[in-house]
Amino acid sequence: MSLTNNLTINVYSIILLVIIYVHSIKHTEKESLQYKLYMMMLQTTILMLIVDILSRFDGHPGSFYVVSNQVGNFMIFLLSPVLPSLWLLYVHNQVFHNTDQIKRLLYPLFATNAAHAVLVGLSQFYGWFYYIDAGNIYHRGPLYMLSVSITIALIIIAFILIVVNRRKIERKHYFSLVFFAAPPSACILLQILWYNMSLMLNGVVVSLLIVFLTIQNRSLFTDYLTGVNNRKKLDAYLAEKVYACSPDRTFSAILIDLDNFKAINDTYGHYMGDIALETSAKLLQSCLRSNDFIARFGGDEFFIVLDISNAKDLESTISRINRYLENYNMSSSQPYLLGFSMGYAVYDYHSHMTAEEFKKYLDTLMYENKRTSKSDGSIKAG
């Protein structure tokens with residue numbers, strides 16, 4: 001591939017990634033591990049595209065081109081396992097949503113990248129992975145395939161992790177995760193056959209774009225742990241419901257707090273607490289209709305918005321939630337009981353409450369329900 005063509009493709013790829021990066025900074029929840037890993041993949045890919053341009057001055061005389069070619073190829077080889085390592089961590093987080101487990105994966109990945117970095121450094125003297133001759137022309141070394149194999153192996157491990165744990169992955173995310181490896185893998189194959197056909201990074205850009213559109217962009221308004229809507233989406237949705245409200249068309253809402261959630265965390269650990277939150281979200285979703293709205297309101301609180309205009313239908317929904325909750329506790333193998341305190345009401349159009357005032361009103365009702373609750377704790381007897 002000519003220098004001009006490579007420069008054009010890489011510049012367009014960098015511009016696309018920068019647009020995604022800026023959009024993500026403005027709109028995404030920055031505290032989630034999913035966000036941090038995706039942003040690191042974007043940063044690493046942008047850096048590799050830049051140094052890939054520097055490595056394309058093959059055969060050009062002059063000290064600037066020689067240094068550029070050397071630095072570019074060195075950085076490309078040094079960073080080649082970093083990107084698939086970040087992808088493996090991203091996939092692991094998508095499957096298990098557990099920070100403690102992902103920390104254990106960091107050690108073997110760090111060791112792999114460190115060993116590869118040592119070999120890249122030694123290749124500068126022994127030409128194991130590659131070497132640049134006196135004419136400033138790049139050549140593959142005898143261990144070139146070892147470096148490529150490390151990258152491919154990390155991609156394959158991530159792919160296997162996705163397929164084996166497909167039932168743990170949201171269906172709408174599964175295809176994007178499986179497909180991620182396809183474009184760069186096809187480009188790696190082309191690069192193995194023709195070393196001047198270097199499009200692997202551009203293939204990664206295609207994959208990152210798909211992940212952004214199908215996972216990251218959707219997760220702007222999704223709680224990463226429970227999979228329901230997040231507080232940002234709730235605020236916008238509730239404001240729209242209040243604005244669209246009329247004397248003939250109103251709505252209802254329920255604010256739910258998990259009873260004794262701190263006791264579950266303190267007794268069984270945060271991992272079990274996360275399971276309690278995920279279970280509660282799924283249980284609530286099973287009680288609702290497809291057009292009902294549910295969001296995670298806070299740490300252990302959920303908020304439900306319903307197209308219900310009368311108190312009788314709302315009470316029926318509350319009874320259904322309590323019935324489903326009772327059935328779950330009777331059949332659950334967990335060492336604790338789930339309990340809900342609920343504040344609920346039909347929105348009164350004539351009150352002219354804002355969305356924020358309505359939330360505070362439900363919060364007051366919920367705490368009144370919590371104070372009068374007869375729950376005997378979260379730990380199962382016996």
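The values are calculated or read from the model by the stated rules, or taken from the named source; none is laboratory data. This one's a predicted model, so the numbers in the text were calculated from it and none came from an experiment. Here the Cβ positions follow ideal geometry from the backbone for every residue, glycine too, while neighbour counts run over all protein chains shown. With ligands, DNA and RNA removed, areas are computed over all heavy atoms of the protein, side chains included. Shrake-Rupley method; radii C 1.70, N 1.55, O 1.52, S 1.80 Å.
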query: Among the helices (runs of 4 or more DSSP H) confined wholly to region 194-277, which include 1 or more residues that are open to solvent by 70 Å² or more (accessible area, probe 1.4 Å) and of a type outside the set (A, V, I, L, M, F, W, C)?
result: 231-244, 261-268
query: So which residues in region 311-346 are part of a helix (DSSP H, G or I) and in contact with a Gly (Cβ under 9 Å, 6 or more places away or on another chain), if there are any at all?
result: Leu325, Asn329
- line: Expected output for region 259-272 (first residue of a type in the set (Phe, Trp, Tyr), partner open to solvent by 80 Å² or more (accessible area, probe 1.4 Å), Cβ below 8 Å, 6+ apart or cross-chain) is Tyr271/Asp100
message: Condition first: in contact with a Phe, Trp or Tyr (Cβ under 9 Å, 6 or more places away or on another chain), open to solvent by 20 Å² or more (accessible area, probe 1.4 Å) and part of a helix (DSSP H, G or I). Now tell me which residues in region 278-310 satisfy that.
response: Thr279, Ser286
- request: Please enumerate the residues belonging to region 129-154 that are surrounded by fewer than 18 Cβ atoms within 10 Å (Cβ to Cβ), out of contact with any strand residue (DSSP E or B) (no Cβ under 8 Å at 6 or more places or on another chain) and outside any helix (DSSP H, G or I).
  value: Ala134, Gly135, Ile137, Pro142, Leu143
query: So which residues in region 99-128 are buried (at least 16 other Cβ atoms within 10 Å of the Cβ), in contact (Cβ under 8 Å) with a residue 24 or more places away in the chain and hydrophobic (A, V, I, L, M, F, W, C)?
result: Ile102, Leu109, Leu119, Val120
- request: Give Val22, Val66, Val11, Val95 a once-over and let me know the one that is in contact (Cβ under 8 Å) with a residue 60 or more places away in the chain and over 25 Å from Ala158 (Cβ atoms).
  value: Val66
message: Just the residues that are of a type in the set (S, T, N, Q), touching a helix residue (DSSP H, G or I) at 6+ places or on another chain (Cβ under 8 Å) and over 24 Å from Asn93 (Cβ atoms), please, taken from region 222-273.
response: Ser246, Thr250, Ser252
field: Candidates Ile157, Ile188, filtered to the one that is part of a helix (DSSP H, G or I), closer than 22 Å to Phe110 by Cβ and not acidic (Asp, Glu)
entry: Ile157
query: Taking interchain pairs and intrachain pairs at least six residues apart, which have beta carbon atoms under 7 angstrom, with the first residue in region 347-376 and closer than 21 Å to Lys241 by Cα and the second assigned to a loop (DSSP other than H, G, I, E, B) and open to solvent by 60 Å² or more (accessible area, probe 1.4 Å)?
result: Tyr349/Pro247
Any pair with Cβ under 8 angstrom, 6 or more apart, that starts in region 186-201 at a residue that is at pLDDT 75 or above and ends at one that is β-branched (Val, Ile, Thr): Ile188/Val148; Ile188/Thr151; Ile188/Ile152; Leu199/Ile9; Met200/Ile188; Leu201/Thr45
- prompt: So which residues in region 47-68 are crowded, with 18+ Cβ neighbours inside 10 Å and within 30 Å of Ala111 (Cβ to Cβ), if there are any at all?
  reply: Met48, Leu49, Val51, Asp52, Leu54, Ser55
message: Step by step: first the residues of region 155-170, then only those that are open to solvent by 50 Å² or more (accessible area, probe 1.4 Å) and over 17 Å from the mean Cα position of the chain (by Cα), then the one that is nearest to Pro183 (Cα to Cα). Which residue is that?
response: Ile156
- line: In region 171-187, residues that are open to solvent by 20 Å² or more (accessible area, probe 1.4 Å) and among the aliphatic types (A, V, I, L, M) total 3
